[in-house]
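Asks: One structure coming up, written as structure tokens, with questions to follow.
Read the figures in this text as sums done on the coordinates, not as results from a lab. Note that the structure is a prediction, hence the values are computed from the model and not measured. Here Cβ is always computed from backbone atoms with ideal geometry, including for glycine, and neighbour counts include all displayed protein chains.
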């Protein structure tokens, strides 16, 4: 027990920095999802106005716009391929939630 206390005390600043980085990543991830969902709603609105024809066009539009709105720190980590996977994942989860009000993988 004494060894653990000694370790924590010696590396307290390193532990605080690691904790801060993890917290920052979690908060930025939530912000990225929020931006993604808002852009998807905007894309659906454009689809209703016949500006975007297919679901693929909507996903491409969201990916292009997301790079404009996301913080620069996230755009360093998220390349275009990862962003497309994220947008597709959010679309699937959004459709699942719209199906019955629950995220339970009820649609294929």
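Asks: Which log10 I(q)/I(0) values, to two decimals, does the chain give at q = 0.15, 0.18, 0.23 Å⁻¹ under the Debye formula with one point per Cα?
Replies: Each listed q corresponds, in turn, to -0.72, -0.91, -1.25.
Asks: Let me check against my output: what whole-number percent is the relative contact order of the chain, with C-alpha pairs under 8 Å and at least 6 apart?
Replies: It rounds to 19 percent for the chain.
Asks: So what's the angle, to the nearest 10 degrees on a 0 to 90 scale, between helix 55-69 and the longest Cα principal axis of the chain?
Replies: The helix 55-69 is inclined about 40 degrees to the chain.
Asks: Shifting gears a bit: Divide by every residue of the chain the summed helix terms, -39500 (n - 2.57) for each DSSP H run of at least 4, and state the resulting mean residue ellipticity at 222 nm, rounded to the nearest 500 deg cm²/dmol.
Replies: Helix contribution divided over all residues of the chain: -27500 deg cm²/dmol.
Asks: Continuing with this model, one more query. Residue 15 versus residue 47, label points 7 Å from Cα toward the beta carbon: distance in nm?
Replies: Here the answer is 4.9 nm between the modelled labels.
Asks: Between residue 56 and residue 34, with labels modelled 7 Å along Cα→Cβ, what's the label distance in nm to one decimal, could you check?
Replies: Simple spin-label model gives 3.4 nm for this pair.
Asks: On a 0 to 90° scale, report how tilted helix 12-48 is relative to the longest principal axis of the chain, with both axes built from alpha carbons and the result rounded to the nearest 10.
Replies: Taking the Cα atoms of the chain, the angle to 12-48 is about 10 degrees.
Asks: Can you give the angle from 0 to 90° between the axis of helix 80-100 and the longest principal axis of the chain, with both taken from C-alpha atoms, to the nearest 10?
Replies: Helix 80-100 and the main axis of the chain meet at about 70 degrees.
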